[in-house]
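Below you'll find the structure, written out as structure tokens, and then a few comments.
No lab work stands behind these numbers, since they all come straight from the coordinates. Note that the structure is a prediction, hence the values are computed from the model and not measured. When we count neighbours, we look across all protein chains shown, and the Cβ atoms used for this are built from the backbone with ideal geometry, even at glycine.
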Amino acid sequence: MPIYDLGYRGWQGRLVPEAGRFWAITTTGIRLAWQSKFLRRILLLAWAPTALFAAGFFAYEQFASRLDNQGTRQALEFLSFLVPGVDDHLLPPELRTRQFRSSRPDPRPGAQAGAPDPRIPRGGAAVGRAWRDGRSGPGEEAGDSDGGRQRHLVWSWLLSNFFRYPQAVVMALMVGIIAPPLVAQDVRTRAFMLYFSRPLTRIEYVVGKMAVLWGYLALITTLPALFLYVLGVFLSPPDVPVVWHTWDLPLRILAASAVLMIPTTALALALSSLTSEIRYATFAWFAIWAVGWVTYAIVNASMPPGARTPGQAVFVDRMTLASFYHTLGRVQHWVFGLETSLPDASAASINMTATAAIEMAAITLVSLAVLFRRVSSPMRI
Amino acid sequence: MNALRAIWLFLRLRTRHLFRVLLNAVRTIPAVLGFECRRVSALPRLIITVGLVIFPGVLAALVHYCGAHVRDPEPLRQPERWTFMMFVLVPEVVCLLGLLLWATPVIQTEVEGKTWPYLAVRPCGKVPILLGKYLTAVVWTVLAAWLALVLSLIVVIPSGKAHSGVLVLGALVVLSALTYGALYVLIGVLFLRRSMIVAVAYTFVFEFLVSWIPAMVKQFTVQYHLRNLAAIWLPSDYVSGFFLASAGTAPWWQHVLILLGMTAVFLTAAALVLRRRQLITAPEV
Amino acid sequence: MIELDHVTKLYGSVIGVNDVTMSLQGGAYGLLGPNGSGKTTLLNLITGQLRPTIGTVRVLDRPPMNNVDLFRRLGVCPERDGLYPGVTGFDWVCYLMRLHGFGRREAVARTEKAVELVGMKDAMHRRMGGYSRGMRQRIKLAQALAHGPELLILDEPLNGLDPIGRHEMTDLLKQWIRSGRGLLFASHILHEVEAVTHSFMLICGGRLLAAGTSEEVHNLLADVPHEIRIRCDNPPQLARRLIDEGVVESVRFAGEGALILGTHRPATVYAQLPQWVQSSGVRVHELRSSDDSLQALFNSLLKIHRGES
């Protein structure tokens, strides 16, 4: 019987472009993660804070920005919950809520009774400054007759706090669910040989895996934040050029999402690649957050703000770099242009923000280096 | 009469059976403890243990030396501050992280490693294994926490009755490890695949937030009882506002009994659930 | 020894085992079935790892789940390799003996004896992470034997063994049977089971299709036509010729130039086929008997169950 040597025959049909090959890994990863009911429930829960902050936008647009409206006081109390201290500066003195007054006298020399206390966090002080400088009433700032600067600040604070508080916690939980098995399982089952015996590069593999996390993180951060922005636009007075005042916020939302997603996914996947046992990767992920947060909290509590010397204040500021959560928050503040509105804003703290950004970049680069090295390890002799 | 005799025979049989079960458990648990302790001395676990041990000392050094200034040259010599810091770091952070790693996945590791079928078909199988692994987690955590405490004393010894403060914290470490270990083991048995996530979420939401709510619900948290014990046992100059904020009027033995009771309840629940569960070694998803 | 009464096990909507009733007295039995047929589920039900959704299971006259006394008398060797890579084989088997309630000295003695019996004495102090597949299989068997059970339940025990290893393991099992103890041995390879025992049960799709000796099973198949697959360049012509010769019960076309014929006289067909092919002028590319595989055996049995033959 003759044996026909057919040789290798290449596929004649249409191939997916090289740039799109990572998509197969991403869609598979998303589909596998989606099978978890637990994750779906967390996704659902993750939108609950969106409703809360949507109410904040509503409260500001419908009541707080028009101080003669009924329900203003209640609206501002609610707004103060989301952006603490804001009502102290939007309300006339007789309507200010008592709970947001500091119970201790302002120790600063020359501090006036009833003046906004910078020890009260934070966003309200900036809003107040925007409001007080050369104006006679709310929304009537010099060169800001329709309250544009005030609106931009309040919206920025709302969005920044949205990223910083509820969504940061949900993000940590969600990444803790999805990320550990993403690479660890491939390490355990030695799947790299299967992956890289296909025309797939390491970069495509890594991007594919990262995109799984990006997809889910976008669902809980970027999309809700954009939704809040659009809601704010729809709820704003029709005669005010809101989009003109706040056109940059969607871009800042995307930037803040990138700041949140890139270092966290790189770190999470690097931890996942270091072990074949998922529980170690999960533990390492939560331990990094917990240890960092506790470190900063302890140092901060050990040196109370009111009794701090300048040297100690610098030390405490530097300790934010030990906490992944606080470093991320710092950079996000900067993305939303809120850095200068912090009560202790100074050249030193602005430098610290730059350091925080460098730290984030360094974490990203080191994590990617570890990830690439681990992914290549089965192929090294 | 016959019915009484039947009941008596039944009780005798059950008691004998129970006695035999307990005897086997008593003999087996040390075997599990020894085996697991040898296994946990693998390199990754040792590295994590070392990290947990040195963390409080490093942080104490940072605060004590870098946070010092002319008006306050030795910040951590103040007993209040030292106690607050050590309480947060040792019976809480170190214990919780250690137990998260060792107690939460007690059964998950066996199921995913496909070793569970070999263990479950032994006469002294499921429950002694669960208890043995629980004890291993507690022993390692307590040792790591005590070492961390000793190491932090090398950095700074607070003024006043330092030995009392250390002894109290040492005792709180034991109670914290016992109770949280049992809780995490129960979570690990109930939520095989997501045990660590559930444990983290539970600890964050229930233990750290709910324990500060001024309502009856806080008494169901371990944190509340630990803080109260600290407030009662520590010398007065070691007690800060942190401990007094949620202090109640119950005596110390009540808090200890509640913690031990919670431990017993969690472990019993975990054992009962484990006996009922059907654990097949399906691949993880 | 083992009794199952209308046992069904469901995993959600997936049927693991479907209405199985059997009663096994003492002795050795083979559980034969292709991959995914429900063998492991059945063994898990017998060893108390799973609870039946419907029906009852009794082993050595008692329900197996959480049955401490039963586990003393049962030795189980699962299919999956659940071995701690950083632990030596000796330590592992010793630990499992301690879980039986033996004291340290007795556990060590039993472990040494079992490890020697399976031929792992030289490697027993090496870490199991460095064991070959065959070594892992042996150490698994050692842990099943070490406590001297009355009934041994093995799931694919010969997987991964080389021919010498298989031979040694088969001898060991035969010795076990000769000592009067029970054995239930699951495999998907017919001759492996036949080498150890002549009684076997056939399971497929979660259903127990047949039970008995190999002769009884083959007799059962006597009325089922033997299938032969022929790939040629003119299947209709060949089919016509075969039908004219009166040796076939059925003929069907299977696509790609193949035809499958069923016959009760396979010997005649094989003897005469070359002549018929030559005289028909048909060119044959491939000739295969579908029955030379366990799957064919099961296909035939399934047809009987469905009433198709």
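So here's what we get for this one:
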{"quantity": "Mean shadow area of region A:191-309 over all directions, Cα convex hull, nm²", "calculated": "12.9 nm²"}
{"quantity": "Label-point separation, residue C:191 to residue B:242 (7 Å along Cα→Cβ), nm", "calculated": "7.3 nm"}
{"quantity": "Estimated FRET transfer efficiency when R0 is 60 angstrom, pair residue A:27-residue B:3 (beta carbons, to 0.05)", "calculated": "0.30"}
{"quantity": "Spatial extent of region A:154-225: Rg and Dmax, with the Cα atoms as the point set, Å", "calculated": "16.2, 53"}
{"quantity": "Radius 10 Å from Cβ of residue A:156, net charge of other residues (Lys, Arg +1; Asp, Glu -1)", "calculated": "+1"}
{"quantity": "Length-normalised contact order for region B:29-276 - Cα pairs under 8 Å, 6+ apart - percent", "calculated": "26 percent"}
{"quantity": "Helix C:133-145 axis, angle to chain C major axis (alpha carbon atoms, nearest 10°)", "calculated": "60 degrees"}
{"quantity": "Three-way shape label, region C:2-220, alpha-carbon gyration tensor, a/c 1.5", "calculated": "prolate"}
{"quantity": "Shielding score for B:194-204, defined as the mean number of other chain Cβ atoms within 10 Å", "calculated": "5"}
{"quantity": "Estimated Rh, region B:1-111: Kirkwood, alpha-carbon pairs, angstrom", "calculated": "18.9 Å"}
{"quantity": "26 Å Cα-Cα reach of residue B:133 towards lysines, excluding residues that sit fewer than 8 places from it in its own chain", "calculated": "B:114, C:140"}
{"quantity": "Estimated translational D of the protein assembly as shown in µm²/s (Stokes, Kirkwood radius over Cα pairs; 37 °C; 0.692 mPa s)", "calculated": "98 µm²/s"}
{"quantity": "Rounded FRET efficiency, nearest 0.05, which uses the C-beta distance separating residue C:237 from residue B:37 and R0 of 56 Å", "calculated": "0.15"}
{"quantity": "Whole-number percent relative contact order across region C:122-222, with pairs defined as alpha carbons under 8 Å at least 6 apart", "calculated": "20 percent"}
{"quantity": "By average C-beta atoms within 10 angstrom, highest first, the peptides B:82-90, B:177-185, B:51-59", "calculated": "B:177-185, B:82-90, B:51-59"}
{"quantity": "Protection proxy ranking of C:144-152, C:10-18 - average other beta-carbon atoms within 10 Å, highest first", "calculated": "C:144-152, C:10-18"}
{"quantity": "Cβ-derived FRET efficiency at R0 45 Å, residue A:48 paired with residue C:68, nearest 0.05", "calculated": "0.40"}
{"quantity": "At 1.306 mPa s and 10 °C, Stokes diffusion of region C:224-306 via Kirkwood alpha-carbon radius, µm² per second", "calculated": "122 µm²/s"}
{"quantity": "Virtual spin-label span in nm between residue A:373 and residue C:252, 7 Å along Cα→Cβ", "calculated": "6.1 nm"}
{"quantity": "Sequence-distant lysines (8 or more away, or on other chains) whose Cα lies within less than 26 Å of residue A:209", "calculated": "A:37"}
{"quantity": "GNM flexibility winner over chain B from B:140, B:253, B:102 (Cα, springs under 10 Å)", "calculated": "B:253"}
{"quantity": "Formal net charge of residues neighbouring residue C:52 (Cβ-Cβ distance under 13 Å; K, R +1; D, E -1)", "calculated": "0"}
{"quantity": "Distance between modelled label sites at residue C:125 and residue B:275, nm, 7 Å Cα→Cβ extension", "calculated": "4.1 nm"}
{"quantity": "Gaussian network model of chain C, Cα within-10 Å springs - most flexible of C:114, C:258, C:267", "calculated": "C:267"}
{"quantity": "Residue mean of other protein chain beta carbons inside 10 Å, B:105-114", "calculated": "3"}
{"quantity": "Scattering curve values for chain B, log₁₀ I(q)/I(0), Debye with Cα scatterers, q = 0.08, 0.15 Å⁻¹", "calculated": "-0.41, -1.15"}
{"quantity": "Rounded tilt (10° steps) of C:104-117 against the dominant C-alpha axis of chain C", "calculated": "30 degrees"}
{"quantity": "Shielding by other protein chains, B:229-239, mean Cβ within 10 Å", "calculated": "0"}
{"quantity": "Relative contact order, percent, region B:148-261 [alpha-carbon distance under 8 Å, six or more residues apart]", "calculated": "28 percent"}
{"quantity": "Among B:149, B:46, B:169: highest mean-square fluctuation, GNM of chain B, C-alpha pairs under 10 Å", "calculated": "B:46"}
{"quantity": "Euclidean distance of C-alpha centroids, region C:1-36 and region B:151-206, integer Å", "calculated": "47 Å"}
